[in-house]
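One structure below.
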Amino acid sequence: MAKNEETQKLISLACAAIVLIFAVVVGLLLSGGLPQQAAPYAAPTPAVFVIRPSVVPTAVPTVPVTTVYTAGAAGMVSSAACANGKLSLTLTNIERTSWAIGTDVTFYVNTVTDSTPGCGKSTLAPGESTTCTTLDSSPLGYTPSLIVKTPENRDVRKVPC
């Protein structure tokens, strides 16, 4: 009988060990598993860009530089000038339809609409020109940006005063 009792004790210890292992496994499953150690993260090195000009100016020009950007067909606006705070220009109708000044042609000085440009004619037939002499250059008080907009074209330029 002694062997039977020893066997019974071994069986009960084995059962206890199985129950303990089962409890640990269930506990780990419920808690999300073993704590994971995060992999070390190496921060990316910032990119450094060095811009080296190929030509370095040695002197600043003393002559004022006028930037003129023209979008649209050439020849629509010519002879743009400024005197006594007023812009003047010659406007030529380069399109196939007649223009009505103020309706089909709009003048903007520093993004402000100028409704009294002082043009010599109120309508322009195709190929016809007129001079506009009283565009106000002072809405914002700096080098005027002049935009002339028609149904098909747009002319943009800076006119120093």
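One line per residue, one yes/no per condition, for (1) hydroxyl-bearing (Ser, Thr, Tyr); (2) modelled with pLDDT of 90 or more; (3) surrounded by 17 or more Cβ atoms within 10 Å (Cβ to Cβ):
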| position | (1), (2), (3) |
| --- | --- |
| Val55 | no, no, no |
| Thr70 | yes, no, no |
| Trp99 | no, yes, yes |
| Phe107 | no, no, yes |
| Val112 | no, no, no |
| Thr116 | yes, no, no |
Output the residues belonging to the range 145-159 that are in contact with a Gly (Cβ under 6 Å, 6 or more places away or on another chain) and either assigned to a loop (DSSP other than H, G, I, E, B) or without any contact (Cβ under 8 Å) to a residue 12 or more places away in the chain (or both).
Asn153
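Okay, residues lined up against (1) in a loop (DSSP other than H, G, I, E, B); (2) aromatic (Phe, Trp, Tyr); (3) under 17 Å from Asn153 (Cβ atoms); (4) in contact with an Asp or Glu (Cβ under 9 Å, 6 or more places away or on another chain):
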residue: Gly75; (1), (2), (3), (4): yes, no, yes, no
residue: Ser78; (1), (2), (3), (4): no, no, yes, no
residue: Cys82; (1), (2), (3), (4): no, no, no, no
residue: Ser88; (1), (2), (3), (4): no, no, no, no
residue: Ile94; (1), (2), (3), (4): yes, no, yes, yes
residue: Thr103; (1), (2), (3), (4): yes, no, yes, no
residue: Tyr108; (1), (2), (3), (4): no, yes, yes, yes
residue: Lys121; (1), (2), (3), (4): yes, no, no, yes
Can you give me the number of residues within the range 123-144 that are outside any loop (DSSP other than H, G, I, E, B) and modelled with pLDDT under 80?
1
Selection from the range 110-119 of residues free of Cβ contacts under 8 Å to residues at least 24 places away in the same chain and either assigned to a strand (DSSP E or B) or β-branched (Val, Ile, Thr) (or both) yields Thr113, Asp114, Thr116
Would you check if Ala125 is touching a strand residue (DSSP E or B) at 6+ places or on another chain (Cβ under 6 Å) and either surrounded by fewer than 18 Cβ atoms within 10 Å (Cβ to Cβ) or at positive phi (or both)?
no
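The values are calculated or read from the model by the stated rules, or taken from the named source; none is laboratory data. Note that the coordinates shown come from a computational prediction; the quantities given were computed from them, not determined experimentally. Don't worry about glycine lacking a Cβ; one is built from the backbone with ideal geometry, like all the others, and counts go over all protein chains shown.
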